[in-house]
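Here is the structure we will look at, set down as structure tokens.
Coordinate-derived values only; no laboratory data. Please read these numbers as outputs of a predicted model, since none were measured by experiment. Positions of Cβ are generated from backbone atoms using ideal geometry, with glycine treated the same way; all protein chains shown enter the neighbour counts.
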Amino acid sequence: MGYKTIIEDDIDVLVAGAGLGGTGAAFEARYWGQNKKIVIAEKANIDRSGAVAQGLYAINCYMGTRFGENNPEDHVRYARIDLMGMVREDLAFDMARHVDSAVHQFEDWGMPIMRNEKTGAYLREGRWQIMIHGESYKPLVAEAAKNSADKVFNRVCVTHLLMDEAKENRVAGAVGFNVRTGNYHDRVLLTVL
């Protein structure tokens, strides 16, 4: 059986891996780069790849500022104590400041989040976690990523980054292979996320 070489060029953004981080990167890349060509390469299948593929029963960090439950400063204080002072407080604050809007986005996409019937607030398991029916978590974010990308290559394992010969420490492309067919994939691009 002969193997094919597939060359995909003129890519602006290549997302290598489509777990939760990769799907989020593709969604954000489209938001910030509306005219960019975005390609995702995933060694498995985007719909069920990554650490959250089997589903979750909780989202581990939600401030609940709209319900008056916590604020970003509370989370920074928690992180400082929990990590015995070994924390970048500016980064913890920035993450805490944005986490609620990400959860609301997931809910807009169809994520079933459990709520208190009387108050409407999300049900909690501890101070920071909220309860979800997360069987559909990964397919929901995968759908958002697929809608954001120009092309998705499932079953393509990126094995090497190609460095730019003209600019030091700059990635110029990536190569990999299809784990089912053995076909070789060669990509020339500007940015790798």
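Data overview
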| read-out | value |
| --- | --- |
| Residue that is surrounded by the most Cβ atoms within 10 Å (Cβ to Cβ) [pool: residues in region 1-47 that are under 13 Å from the mean Cα position of the chain (by Cα) and in a loop (DSSP other than H, G, I, E, B)] | Ala18 |
| Residue match in region 180-189 (condition: touching a residue at least 60 places away in the same chain (Cβ under 8 Å) and among the charged types (D, E, K, R)) | yes |
| Sole exception among (1) under 21 Å from Asn183 (Cβ atoms); (2) touching a helix residue (DSSP H, G or I) at 6+ places or on another chain (Cβ under 6 Å); (3) not β-branched (Val, Ile, Thr) for Ala96, by number | (1) |
| Residue tally, condition of a type outside the set (Gly, Ala, Ser) and free of Cβ contacts under 8 Å to residues at least 60 places away in the same chain, over region 32-53 | 4 |
| Matching residues in region 48-99 - criterion: being surrounded by fewer than 13 Cβ atoms within 10 Å (Cβ to Cβ) and under 30 Å from Arg155 (Cα atoms) | Ala51, Gln54, Asn60 |
